[in-house]
1. Can you list the HN-Hα couplings for the range 39-54, worked out from phi with the Karplus curve (6.51, -1.76, 1.60; θ = phi - 60°), rounded to whole Hz and with x for Gly and Pro?
2. Take the Cβ-Cβ distance between Q384 and I173 as r, set R0 to 41 Å, and report the resulting FRET efficiency rounded to the nearest 0.05.
3. At 0.36 nm per residue, and after removing the present C-alpha to C-alpha distance, how many nm does the segment from F260 to L372 gain when stretched out fully?
4. Go through 157-164, 98-105, 65-72 and give me the packing order, highest mean Cβ count within 10 Å leading.
5. Around A119, what is the net charge, scoring Lys/Arg as +1 and Asp/Glu as -1 over all other residues with Cβ under 13 Å from its Cβ?
6. With the Cα gyration tensor of the chain in hand, convert its eigenvalues to equivalent ellipsoid semi-axes via √(5λ) and list them largest first in whole Å.
7. With the crude spin-label approximation of a point 7 Å out along Cα→Cβ, what separation in nm comes out for S91 versus T360?
8. Per residue, how big is the convex hull around the C-alpha atoms of the range 306-390? Give it to me in cubic angstrom, could you?
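Read the figures in this text as sums done on the coordinates, not as results from a lab. Just so you know, these numbers come straight off a predicted model, no measurement behind them. Here the Cβ is made from the backbone with ideal geometry for all residues, glycine too, and neighbour counts use every protein chain on show.
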Amino acid sequence: MNRHLLLLTLCQGLFLVNNVTFIAINGLVGLQLAPFGWMATLPVMGYVVGGALAAPLVAKSQSRFGRRGSFQIGLLVALGSALLCAWAAYSRQFWLLVAATVVAGYYNANGQLYRFAAAELVAPGWREKAVSLVLAGGLLGAIVGPNLAAWTRTILPTPFVGAYLALAVVAVIAMGVMALVQFPPAPPRPAAHESGRPLSQIMLQPVFLVATAAAALSYGVMNLLMAATPLAMQVCGFEFGDTAQVLQWHVIGMFAPGFFTGHLIRRFGVLQIMGVGVILNLACIAIALSGVELNQFLLALFLLGVGWNFLFTGSTTLALQAYRPEEKDRAQAAINFCVFAFMALTSFASGALVTTQGWTLLNVGSLLPVLLTGAALIWLAMHQRKPAQA
């Protein structure tokens with residue numbers, strides 16, 4: 001693990017501080033300000049819709065300004081959007097809060113590329129370990145994010161304004177860390193006839209289809225249940241400190257396995273580890289359906305996090321097989337667009353379902369994408385086995 005990979009891991013951690021804090025507070029602030037209860041998670045949805053809309057712009061900025069320049073632009077947007085969120089909460093303007101989170105989505109789209117950039121900082125044989133280790137940096141978000149939300153939500157007279165201002169400080173710190181990361185020089189921009197295959201051809205590969213579907217569906221299910229958890233726990237009478245504890249263990253589950261997921265993938269194979277991720281998601285749903293005690297929320301969300309880690313790290317590793325270096329910007333943008341599009345759908349659905357239908361129906365509905373992910377993995381395994389048997 002070289003110095004630049006370590007610094008990028010720290011940037012990933014600060015990125016997750018932003019994400020986890022947003023998840024912890026945006027739905028609750030939305031519930032306070034929204035005209036109707038079912039609109040509560042629109043600020044959460046705005047963050048991922050902004051990421052989907054920004055994905056093509058981020059791809060262009062990556063191509064034009066390189067990794068570090070583009071990442072710094074994303075952090076500048078994070079700073080401005082956090083300040084705008086603080087003003088929206090202070091002035092009690094719901095739609096301004098939604099707009100601010102849409103703007104913040106640009107940072108979300110940038111941060112989602114840290115894991116791909118990690119693979120460029122090491123030799124080819126260590127790429128899956130680099131991806132896994134950078135994702136493990138999210139442990140910082142697990143520790144700091146929920147506690148930051150809890151410590152700062154009442155530091156100022158208007159609830160949660162202090163939390164948004166704290167995120168502005170986090171963005172400034174991340175800009176300083178990112179300035180120290182040295183990425184490999186970008187390859188010369190190819191001529192039109194050397195720019196690689198058309199995006200449609202890249203996307204039609206079975207390995208690309210399954211990697212993208214697994215990334216989108218796993219992130220969507222995780223987002224569906226995580227975004228609804230603060231609202232569900234509030235309905236069940238839990239204090240915000242309990243919610244912060246559940247989210248903390250959830251994010252620990254998301255990123256602590258990063259220290260060994262890469263080793264597991266190298267030893268057992270990427271599809272096998274992703275299959276374990278599907279099984280863990282099913283276990284999460286079963287526990288969530290068994291009751292609404294604190295320990296059930298804790299264990300279900302922890303297993304959800306570990307399952308997400310196996311699926312998302314595996315899908316990122318799988319995707320690296322689907323494109324050439326000159327194709328990376330548009331291929332990665334396509335993957336992230338699909339992830340954000342499905343996350344946007346689940347962000348809205350989580351608030352609408354949990355406030356109108358309840359926690360139980362929400363979990364039952366999440367079975368479908370989990371089972372589809374499992375079916376996609378089985379299909380790819382059978383497809384890859386055919387040439388070997390021939």
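1. Residue by residue, the range 39-54 yields 8, 4, 8, 4, x, 5, 4, x, 5, 7, 4, x, x, 5, 5, 7 Hz.
2. Between Q384 and I173 the formula returns 0.40.
3. Computed gain between F260 and L372 is 37.7 nm.
4. 98-105, 157-164, 65-72
5. +3
6. 31, 25, 18
7. Label-label distance for S91 and T360, simple model: 4.4 nm.
8. Output value, Cα hull per residue: 111 Å³.
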